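Peer 1: Dumping the structure here so I can ask a few things about it.
Quick note: the coordinates plus some simple rules give every number you see, no bench work behind them. Just so it is clear, the structure is predicted and the values come from calculations on it, not from any experiment. Ideal geometry is used to build each Cβ from the backbone, glycine not excepted, and the neighbour counts take in all protein chains shown.
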Amino acid sequence: MSKISIQPVGFACGARVTGIDVSKPLSAADLEAINKAWAKHLVLVFPGQTLDPHSLVGFTRNFGELDDYATQPFNRHPEINEVFVLTNKYTNGKPSKTYNAGQNWHTDLSYTLRPAKGTSVYCMEKPSVGGDTMFANMYMAYDTLSPKMKEFLDGLEAVHDASLIEGLDKRGPEVANEFRRLNPPVVHPAVRVHPDTGRKALYVNERVRTFLGLSEAESRPIVKFLCEHSVQPRFTYRHYWSIGDLVMWDNRCMVHLAVGDYDPSEIRHMIRTSGMGDYYGRYLDPEAAAAQMKSAPAASAAKPAADAKAVAALHD
Ligand SMILES: O=C(O)CCC(=O)C(=O)O
Ligand SMILES: [Fe+2]
């Protein structure tokens, strides 16, 4: 008999899932209960888990194929491409390339052709205070717009641009340039219909530069309004991490933010997987995108870290 229990922790989104060890194979009944809870609460917290990169992959594959992070091959786990290491630890004597990841409101991989479906993050080390993550419900953001604004946005397309990732340039010119080379601007609908719930969710975030058919000057205030509207406190849940938390969220109907509210001299170390998205966008300018992606990669970013020293450095 399944002992799984779901307790809401936020009104807008968020539930704790207890009575389950996610490192073990999942029963069909538990998988169904989790999927139902995920569709309802959008972000699920599984506290007190003991996971390693392999068991994280094992669990999260239950929800579909995983992204191999080819669009951002900077702090992948040295042995498993599907595991991304979110850390402020030095790697091979160099500052981590993910130390400031996610510090503007966004939905994962929206600057790629196939944005992530869900993302799962497992907390291995955390600062003594802070290092929180916030989530906002984009169904609510859409539902609370005026009918005229909904009409305007339905059918509108937005250009997502990796250059708008907060703090990208602080990761050094080689990483930033390589990130941009691999991720030419892409076009996605401003409103998406969730394939499981059939509900409409706003799909605009701080990485949107323009709307197709509008100039940048016209787009900017609309993007600003929508971003402010969608992250008002009543639409959010703030997660205060504990070591052993696995948090899994739905990128198709939420945005999130790494708050960055912690002492950077303390360690914050997480491992992450992302589910492959269930739909494709398109490049804004397919010819320019192809040419850009064929151009020479930045020297240091070209080769994925895959040696024993890199493994040791990630885990020391
Ligand atoms: O580190 C965090 O709190 C979240 C970072 C992030 O945006 C992500 O993992 O997708
Ligand atoms: Fe993110």
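Peer 1: Once you have a ≥ b ≥ c as the square roots of the Cα gyration tensor eigenvalues for the chain, tell me rounded if a/c is under 1.5, and otherwise prolate or oblate according to whether a/b is larger than b/c.
Peer 2: Verdict is oblate for the chain.
Peer 1: Still on this model: If exposed means no more than 15 neighbouring beta carbons inside 10 Å and the site is in a DSSP loop, what's the longest run of the chain without any exposed GluC sites (Glu not before Pro)?
Peer 2: 80-265
Peer 1: When the convex hull of the C-alpha atoms of the stretch 148-273 is computed, what volume per residue in Å³ does it have? Write down the numbers at each step before the final one.
Peer 2: Numbers: hull volume 20.5 nm³, N = 126.
Cα convex hull per residue, to the nearest whole number: 162 Å³.
Peer 1: With labels modelled as points extended 7 Å from the Cα through the Cβ direction, what inter-label distance (nm, one decimal) is found for Arg234 paired with Ala39?
Peer 2: Going from the Arg234 label point to the Ala39 one covers 2.7 nm.
Peer 1: Here's another thing I want to ask about it. Ranking Phe225, Phe84, Phe63 by Cβ neighbours within 10 Å, fewest first, what do you get?
Peer 2: Phe225, Phe63, Phe84
Peer 1: Using a simple charge model, +1 on the beta-carbon of Lys and Arg, -1 on the beta-carbon of Asp and Glu, nothing else, what dipole does the chain show about its Cα centre, in debye to the nearest 20?
Peer 2: Rounded to the nearest 20 debye, it is 200 debye.
Peer 1: What spacing in nm lies between the two simple spin-label points modelled at Thr197 and Val9, each 7 Å away from Cα in the Cβ direction?
Peer 2: Label-label distance for Thr197 and Val9, simple model: 1.8 nm.
Peer 1: Among Gly198, Asn35, Gly277, which residue has its Cα furthest toward the positive end of the charge dipole of the chain, with +1 on Lys/Arg Cβ and -1 on Asp/Glu Cβ?
Peer 2: Gly198
Peer 1: Once Rh for the stretch 20-94 is found with the Kirkwood sum over Cα pairs, what is the Stokes-Einstein diffusion coefficient at 25 °C and 0.890 mPa s, in µm²/s? Before the final figure, lay out the partial values.
Peer 2: Numbers: Rh = 14.2 Å.
Using the Kirkwood radius from Cα pairs, D works out to 172 µm²/s.
Peer 1: Treating only the Cβ atoms of Lys and Arg (+1) and Asp and Glu (-1) as charged, compute the dipole magnitude of the stretch 254-293 about its Cα centre; round to the nearest 20 debye.
Peer 2: Here the size comes out at about 140 debye.
Peer 1: Here's something else I'd like to know. Against the 2.2 N^0.38 Å scaling, with N counting residues, where does the stretch 118-218 land? I'd like the Cα-based Rg ratio to two decimal places.
Peer 2: Its radius of gyration relative to the 2.2 N^0.38 Å reference: 1.32.
Peer 1: Also: In the stretch 149-177, which residues have a backbone nitrogen under 20 Å from the label point lying 7 Å from Asp285's Cα in the Cα-to-Cβ direction?
Peer 2: Hits in the stretch 149-177 for Asp285 at 20 Å: 157-165, 177.
Peer 1: Grab the DSSP H runs of the chain that are 4 residues or longer, score each as -39,500 (n - 2.57), total them, divide by all residues and round the 222 nm result to the nearest 500 deg cm²/dmol. Could the numbers behind the result be given before it?
Peer 2: Values: 9 runs with 81 residues, N = 316.
After summing the helix terms and dividing by residue count, I get -7000 deg cm²/dmol.
Peer 1: Here is a further query. Placing +1 on the Cβ of each Lys and Arg and -1 on the Cβ of each Asp and Glu in the chain, which of Leu109, His256, Asn177 has its Cα farthest towards the positive end of the resulting dipole?
Peer 2: His256
Peer 1: Could you tell me the largest-minus-smallest coordinate of the C-alpha atoms of the stretch 47-177 on each of the three principal axes, in descending order and whole angstroms?
Peer 2: 53, 37, 33
Peer 1: While we're on this one: Find which of Val129, Ala141, Ile165 sits farthest along the positive direction of the dipole of the chain, computed with +1 on the beta-carbon of Lys and Arg, -1 on that of Asp and Glu, about the Cα centre.
Peer 2: Ala141
Peer 1: So for the chain, averaging the separation of alpha carbon pairs under 8 Å that are six or more residues apart and normalising by length, what relative contact order in percent results? Walk me through the numbers on the way to the answer.
Peer 2: On the way: 662 pairs, mean separation 99.4, N = 316.
Contact order relative to length: 31 percent.
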